[in-house]
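Report on the structure given below.
The values are calculated or read from the model by the stated rules, or taken from the named source; none is laboratory data. Just so it is clear, the structure is predicted and the values come from calculations on it, not from any experiment. Positions of Cβ are backbone-derived with ideal geometry, glycine not excepted, and every protein chain shown enters the neighbour counts. Remember, those area values only see protein heavy atoms, side chains included, never the ligands or the DNA or RNA. Shrake-Rupley method; radii C 1.70, N 1.55, O 1.52, S 1.80 Å.
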Amino acid sequence: MAENTEHTTPRPIQIPDDPTIPGGQTRTVEQEHSISGEPNIDEATIHPIGDSTVPERPANENAASSTRDDEAAAASTIENPAEPTTNVDLPLEREEKQTQPGAGIISPTIPPEEDREGAVTVSPTLRASEETPATVSVPVEAFTPAPKEQPATTTPALPFMSIEDLTQLRVVGEPQISPDGKRIAFSVLQCDTETNSTSSAIWIVESRGGKTQSPWQVSSGTQHDYAPRWSPDGRYLSFLSDREGTPQIYLLPLRGGEAHQLSNLPLGVSEYSWRPDGAILLAHSAWKAADEQGSGQGEETSYVVMRLASHWDSSGYKHGRHEQLWLLGLDGTATRLTSEPVDLTQACWSPDGSEIVFSANRRADPDLSVSAALWVLTLATGQLRRLTPEEELAQMPSWSPDGGSIAYLRSPDQTEASNISPWIVAANGQEAPRPAVTGAEDINSQMWIIDELRTDYLVAPQWFPDGQALLVPGQTHGQIHLNRINLAKNTIEQLTRGNGRYLSPQLSRDGQTIALVRADWFTPGDVWGMDGNGENLRKLTSVNDALLRQRQLLRPKKVTWKGAMARRRSRAGSTYQRLNRGDVRHSSWHHMVVPPWPGG
């Protein structure tokens, strides 16, 4: 008897998950014909084939089996004429079609007994009646899963920098060009984790560079060798070293021989420079009157603090001493020039060697302010003359080649919140100080706020040989770039470009070469060279390349914001300053480079 197929509603058949089936999931088959009764499927006979779950036919069931053919027509034929004919269409689920490429609508056919050889027989999922079960025969190939694709071989990701890696970094600094412009001396600082200490050595590299030119070490570096300076005639390379305890000046003969100690000042040397003729050196060293009264270097068991500036970080208690000026002959003879109750710093020789300009706060209460003025000492008479106002902060003086002017870095007040800009003053003190050029006040030459690896807080303006231009660093968009300030044309030209911090620049005597330390987001810095006009930038050292090639570094994010306390837009549009409250002045747009955390 034929089955009534009209006015029927498709009803899903759920095949429950089996915990023994890997990746088993509930399958739903839409029934398009009214079927009396639910299929009776034993869970023990269900097993996975590919992505589907197929019930297995019981052994004692003699119902006719069916064979699944991918290319069969969409009709089912019952070979036994005595039984009612039932056409069954079993559409696959959309998801199953997507997971089995090439599969279409499966129309199971119940073949004759002799055609079922090699087929996998299963218990019926659909049947027209309890008496006439319809058995579906499915070929194994139809459910054979495609071979899994092997993942592509990838290079393991490099590890991020760790705290331990930081101790392997070496820091270069203080590049100095030889008088003939052919070589650059510099220092390299490194850590020793075994002894929990640091050390530094002096190295030299050819200024023109080249693939075959490698730097070479010229000092022992067992302690701290730093601050290299070439003698004007190129015969010596001097440097400071604490190998005997306190920092002293050492001379290294460049024609051969070992470095030997030149100075022997009781409290060591903090800074020094060669006189232009190369016969004498000028040194800064702490001193107090009691040092020459037989009291020696021994300190009292108790110490009475009478001054606010009695203690400095990294230096300890000053014990009433202040930095004074000393002359040192090449035979080591030391002569003290000053005995001031304040520190005299950042001294510079006049071109003829007859005068010395320095920075000092000689006000009545120097501890109550950070101001400082420029003073000139005439060696023949011992007379001092002041060049700049005492209420301002004048630092890093640099004498012009003709001796008529002095360039320096100036802050207009004592808040340390303003730009530190290049200014000019007449060496004879007969003219008022003035900005180097129009717009010079918008330059901020402070380097330490951008780069804290090195101790260079400021670098003095450097004169080009013709005396018509200055080389001055300045902050720009969170970076440090070099500027050529043309006094004759009243212009400012930026010599460097792109991302990077161009630090500690040093101009050669002929003005044709600039040595510098270039650092950026991905390297703590190397010695670089370039022509005096900013062209032909070239890398001369690779002190950290071996380590950095083995580590993964993240690009920091640049954040730009408009300052709420902006007074005027700076020339570069990015100058920003530190204030006690952390806000920014003298710029309308500000930039910060934020390094991301690994994985962040």
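I'd like the accessible area for THR193: 1.4 Å probe, protein heavy atoms, all chains in place, Å² to the nearest 10.
90
Check which residues have an amide H placed less than 5 Å from ASP225's amide H, if you skip close sequence neighbours.
Hits under the 5 Å cutoff: SER200, ALA201.
What is the percent carbon and sulfur in the accessible area of region 207-356, measuring with a 1.4 Å probe over the protein chains and ignoring ligands?
50
Treat each spin label as a single point 7 Å out from the Cα along the C-beta direction, and report the ARG549 to THR198 distance in nm.
For the pair ARG549/THR198, the computed spacing is 2.7 nm.
With the crude spin-label approximation of a point 7 Å out along Cα→Cβ, what separation in nm comes out for ARG307 versus TRP521?
About 4.6 nm separates the two model spin labels.
Counting other C-beta atoms within 10 Å, and keeping those with at most 15, which DSSP coil GluC sites (Glu not before Pro) do you find in region 164-256?
GLU194, GLU244
I need the phi-derived Karplus couplings for region 468-477: 6.51 cos²θ - 1.76 cosθ + 1.60, θ = phi - 60°, integer Hz, Gly and Pro marked x.
Calculated HN-Hα couplings, in order: 9, 8, 10, 9, 9, x, x, 6, 8, 6 Hz.
SER339 versus GLN293, label points 7 Å from Cα toward the beta carbon: distance in nm?
Output for this residue pair reads 1.1 nm.
If you keep only loop residues by DSSP, which GluC sites (Glu not before Pro) in region 414-478 have at most 13 other Cβ atoms within 10 Å of their Cβ?
GLU431, GLU452
Roughly speaking, what is the stretch gain from GLN430 to ARG208, that is 0.36 nm per residue apart minus the C-alpha to C-alpha distance, in nm to one decimal?
Computed gain between GLN430 and ARG208 is 75.6 nm.
Between SER354 and PHE160, what length in nm is gained on full extension when 0.36 nm per residue of separation is reduced by their alpha carbon distance?
64.3 nm
What are the ³J(HN,Hα) couplings of region 546-556, residue after residue, when phi is run through the Karplus curve with 6.51, -1.76, 1.60 and θ = phi - 60°? Round to Hz, x for glycine and proline.
Ordered by residue, 3J(HN,Hα) equals 4, 6, 5, 5, 9, 10, 9, 10, 9, 7, x Hz.
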